[in-house]
Structures are given as structure tokens and as C-alpha cells.
Amino acid sequence: MKIPFVDLKTQYKSIRLPLERVIRSAINEFYFIRGRSVRQFEDSFARMIGVKHCIATSNGTSSLFIALKSLGIKKGDEVITPAFSWISSSETISLCNAKPVFADVDPVTYTLTAECIRKQITPKTKAVVVVHLYGQAAPMKAIQALCRKHKLYLVEDCAQAHLSTVNNKVAGSFGDVSAFSFYPTKNLGAFGDAGCVMTNDRHRAEWIRRFANHGALQKDDHVIEGVNSRMDTIQAAVLNVKLRYLQRWNSKRIRNASLYMKHLANTGDIILPRPLPGSTHTFHLFVIRTRHRDELMAFLKKKGIQTMVHYPRALTNTEAYQHLRSNQNDFPVSNALEKEVLSLPVHPELTKDEIMFVCRNIQLFYQKVKSV
Ligand SMILES: *Cc1c(COP(=O)(O)O)cnc(C)c1O
């Protein structure tokens, strides 16, 4: 048996006809950037998340950058962000000439919590970027309350959390601004780069729309300088079709995760994901922890099972952030995670038999570990 980490081909085959129809019709309009499909996507996605304004962009990273810019983040400002994340959540802070201030993540959710954030607040702190890592939404009610108390802007990085919920609300509907990515392997993925920015504030939404299009709402009407971050028409057409399946695909991920939870309980030293009570973890990634990570990964590879590490380095330990001279003792959880996390395949196209095959091999691995 061969089990790939993602299987976009099987997903494509299951919706090939509607996809080919919308792509062909997008081409026939000869309108390749923005246009009707993009507006349609913005409206549908805004409704689905429960936020008033959605601005389609060219990718998730530029969405985060634009979100921070729209809040006026600038030189001299500090923005608190998780030490354990994909680099987009911190590099975009530096792109605004502000300083990323890393906070350790929580050992249960692997996200920021109000407690993690509180320790890093200084008079220069202007905003917090929360990352809903792996599909687990951070405990947002407490984070919102903390941000309100300290008058900090709240930005949500929802690149791994399409339709995740917490405190009875959808991720992306808590922050002043939120950013999504539709990178091909995300729970909702385009056929190339794509993303969006969301906000409930009408004036901020208009500023964002302008900034993402060279500072102009209409051609040549450059009120400010901006960037080029627009969604391609073809990507929006693809996303409009895939949006109809997002809920179903998420349910399959959740089903796969619950099979793992059941059959890997009490296996070796594995720490399983622990979704927050009352939240919907959408399992963009199914991440276990083990002190035998590298050996387990190699063992599964030999059995034809592809796994990945998200992420092999806490951001504070990457070369890119050595100039910040972060204190190692401030990040015990992130420093442990980089050595122990392993992502098992959890994509919606997996069958129950395939999940069981992975579980059996993991059990076999731990029998061998025990016997040496
Ligand atoms: C994928 C991802 C991004 C970046 O999205 P792109 O569309 O690839 O720019 C940002 N943050 C997180 C947590 C991600 O997983």
C-alpha cells in the first residue's frame, strides 16, 4: 500500500466536470484578473465565515501583510506572534518595518492563548497575530478580552482553519482583520496561489481593496500607494466549485482524525491532538508528538506511508530570526515541538482501510521500540 501525504488528483477526479466547465467559461470571458467569479467567491465566503467584507487576494502571506498594513502597523511598533508557526505570520510583521515579538505556544492547542500573549505585552505592543495552527482555533474569547483591555488590534491567520470554530463562532470572525490562504494543499485550495482578507469594518475593507490594487479602486485612481495582490479569475472559479465541498471534506478529515484517535490511544509515547472542548478542529494537519519522531518517520516511509514535519524549527530557532537574540528559556513548548511533531496523512480522500494500515504500522513500530 502507498499512502501519500496529500492526494489532490483523486479530489480533482471527483469534481472534474464542474471544474472543467467553470475554468473553460472563465477563459472564454477573457478577463483573467478579478471579475465576476471573484466577486461571487468573496460574497459566498464572507457569508460562510460570517464576516461582512471579504477581499480576494493573490495569496495568504500578502493577505497577512495587507491586514497588518490596514491597521497602521509601522516602524517602532511591536506585534506579538507565535514562536511556533509557518513563517508568514512573523515575516509580514517585519515587512511593515515593525518588530515581531515571539510568544511561546500553549502545550494543548499549540496556538497562542491569552496567558501566552500577556507575558509579551509592552507599551510598544500594537497588535497580536493569532495562528489557528493545524486546524485548531485558538481560545479566542479570552484573547479578544485581553486585546480589548490592552487596546491591541487582533489579527487571525486562518490559513489552516477554514470553518474551524471555537466559542460558538467561526475562525476568522473574531479579529479586527483576518487572513486566509487558498494554497493548493489547504483545506480549501485553488489551482495556484490565492488568498483573502476579511473584516467587518466597511472603511477598512475599502482601504484593503484599494491597497491590494495599487491604491486604486478604479483604474488609475491611485489615492495611495499599494501593492499588486489580486485573485486570478480562474482561481476564483475553481474556489467557487470547491467551496460547495468544503464542509464535506472537513467532515472526512474529522472522521479520519477520530479513527486515529481511537486506534492510536495509549500507543507508545504518542501524544495525540487534544481539541478544545466545544471547538471544531478541522484537521488541516493531524499532528502527533513522540520522542521517537525521526525513527518513526523513517519506519513509516519504508512502509510506503508519507509523513511530514510541521515544523522542523521553531521560528525563534531559524537563521532568519537570530538577530532578535530571543531567550531560549522563553520557548519551552516550541522547542519541544520542533523535535517531536509528526504529521500523519489525514486528507479527505483516505479510506478507513488506509488509516488502519497507518495505525497498524505505528503500533508495529512501538512493539519494536519496546523490544530493543
Ligand atoms: C499556508 C500558510 C500561510 C501562507 O499562505 P500562502 O498562501 O502560501 O502565502 C500563512 N500562515 C499559515 C499558518 C499557513 O499555513
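The values are calculated or read from the model by the stated rules, or taken from the named source; none is laboratory data. For clarity, every value in this text was computed on a predicted model and none was experimentally measured. All Cβ positions, even for glycine, are placed from backbone atoms using ideal geometry, and neighbour counts span all protein chains on display. Heads up: the accessible areas ignore ligands, DNA and RNA and are worked out on the full protein's heavy atoms, side chains in. Shrake-Rupley method; radii C 1.70, N 1.55, O 1.52, S 1.80 Å.
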Exercise for review: Could you figure out which of (1) more than 16 Å from the ligand (Cβ to nearest atom); (2) out of contact with any helix residue (DSSP H, G or I) (no Cβ under 8 Å at 6 or more places or on another chain) isn't true of residue 94?
Suggested key: (1)
Check your understanding: So is residue 104 acidic (Asp, Glu) and closer than 25 Å to residue 329 by Cα or not?
Key -> yes
Check your understanding: Picking from 228, 200, which residue would you name as being in contact with a strand residue (DSSP E or B) (Cβ under 9 Å, 6 or more places away or on another chain) and farther than 19 Å from residue 46 by Cα?
Key -> 228
Check your understanding: For residues in the range 224-242 being in a loop (DSSP other than H, G, I, E, B) and within 15 Å of the ligand (Cβ to nearest atom), which is surrounded by the most Cβ atoms within 10 Å (Cβ to Cβ)?
Key -> 231
Study note, to complete from the structure: The helices (runs of 4 or more DSSP H) lying wholly within the range 1-88 that contain at least 2 residues that are among the hydrophobic types (A, V, I, L, M, F, W, C) are 16-28, 36-49, 60-70
Review point. Among (1) open to solvent by less than 10 Å² (accessible area, probe 1.4 Å); (2) away from the ligand (no atom under 16 Å from the Cβ); (3) closer than 28 Å to residue 252 by Cβ, where does residue 77 come up short?
Key: (3)
Revision key, fill the gap. Of those in the range 176-190 that are in a loop (DSSP other than H, G, I, E, B) and of a type in the set (Phe, Trp, Tyr), the residue nearest to the ligand (Cβ to nearest atom) is 183
Review point. Considering 193, 201, 221, which residue is out of contact with any Asp or Glu (no Cβ under 6 Å at 6 or more places or on another chain), of a type in the set (Asp, Glu) and either within 16 Å of the ligand (Cβ to nearest atom) or under 20 Å from residue 80 (Cβ atoms) (or both)?
Key: 193
Check your understanding: Under the condition of being open to solvent by 30 Å² or more (accessible area, probe 1.4 Å) and among the polar types (S, T, N, Q), which residue from the range 8-57 is farthest from residue 96 (Cα to Cα)?
Key -> 14
Check your understanding: Taking the condition open to solvent by 10 Å² or more (accessible area, probe 1.4 Å) and at pLDDT 95 or above, does residue 136 pass?
Key -> no
Check your understanding: Taking the range 133-161, which residues are within 18 Å of residue 310 (Cβ to Cβ), out of contact with any strand residue (DSSP E or B) (no Cβ under 7 Å at 6 or more places or on another chain) and assigned to a loop (DSSP other than H, G, I, E, B)?
Key -> 136, 160, 161
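Quick one: in the range 97-110, which of the residues that are β-branched (Val, Ile, Thr) and buried (at least 21 other Cβ atoms within 10 Å of the Cβ) is farthest from the ligand (Cβ to nearest atom)? Quick ask: steps written out before the conclusion?
We begin by selecting, within the range 97-110, every residue β-branched (Val, Ile, Thr); these are 101, 105, 108-109.
If we keep only those that are buried (at least 21 other Cβ atoms within 10 Å of the Cβ) as well, we get 101, 105, 109.
Working: 101: 18, 105: 12, 109: 14 Å.
Only one residue fits best here, namely 101.
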